[in-house]
1. Please give the Cα centre distance for region 169-200 versus region 66-105, rounded to the nearest Å.
2. Among (i) 1.40; (ii) 1.01; (iii) 1.09, only one was calculated for this model; which label is it, if the read-out is Cα Rg over 2.2 N^0.38 Å?
3. For the chain, what does the helix formula give at 222 nm: sum of -39500 (n - 2.57) over DSSP H segments with n ≥ 4, over the residue count, nearest 500 deg cm²/dmol?
4. Only Cα pairs under 8 Å and at least 6 apart count here; give the relative contact order of the chain as a rounded whole percent.
5. Considering only region 93-199, what is the antiparallel percent among its DSSP beta bridges, to the nearest 5?
6. Assuming R0 = 22 Å, what is the FRET efficiency of residue 162 and residue 95, from their Cβ-Cβ distance, to the nearest 0.05?
7. Could you work out how much longer the chain between residue 86 and residue 170 gets when fully extended? Use 0.36 nm per residue separation minus the Cα distance between them, nm to one decimal.
8. Taking Cα pairs under 8 Å and at least six residues apart, what relative contact order does region 93-199 come out at, in percent?
Amino acid sequence: MKNLTKTLLCLCFVLVLAGCGARSTVVLIPDPDGNVGQLSVLNEGGQQILNEKNQSVNVIDQKTPPGKVKTLSDKEIQTSFSDALAAQPLQPITFILYFLEGADELTDESKAILPKIFQTMQSKDSTDIVISGHTDTVGEKEYNYKLSLERAQATYKILVANGANPANISVTSHGEGNPLIKTADEVAEPKNRRVEITIR
């Protein structure tokens, strides 16, 4: 998730917080977009703040202050925490398809990326696909809501025809209410005439 701190906690740290007295290491790693948040490592003895990529701190027990902050290399993190990293849930993948003005027909450029979407559905064996339809600001709001729904439904049919399970797909319509590019009313913005497909 964007702008959320991703932390890697070994199991013994969880047990330290529960009072078992085991030694542990806490590492702050970036989220998939490269953003780094902030993490407070706190016990009865004191606290350390982690706020940079790959910063780490050792915790001995509940009463001893957390150790000195160190920065680990990517290789050290991969070596020490490979099992925990491998157990992380796969991140959702989002595709954007663009449509011709006033229609539910894909642009040629968007048609060209459909095979990649089908391949992603198969490789992830997804059971959660969200299709969100959108329009630009040309036309009445009610018309645009209907048009964005038609675009989402047209995309739904394409995905189902290419192997997606209908029970795993949710379809939503935003009309002109959630533009990718903010514009004034009655502006024909191609990037707002879209469907977003999120595959989890």
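No value in this document is a laboratory result; all are computed from the given coordinates. Since we're looking at a predicted model, the values are computed, not measured. A quick note on method: Cβ atoms are made from the backbone with ideal geometry, for glycine too, and the neighbour counts reach across all protein chains shown.
1. One Cα centre to the other: 25 Å.
2. Among (i) 1.40; (ii) 1.01; (iii) 1.09, the one derived from this structure is (i).
3. -9000 deg cm²/dmol
4. Answer for the chain is 18 percent.
5. Of the beta bridges lying entirely in region 93-199, close to 70 percent run antiparallel.
6. For residue 162 and residue 95, the calculated efficiency is 0.95.
7. Gain in length upon complete extension: 27.4 nm.
8. Value for region 93-199: 43 percent.
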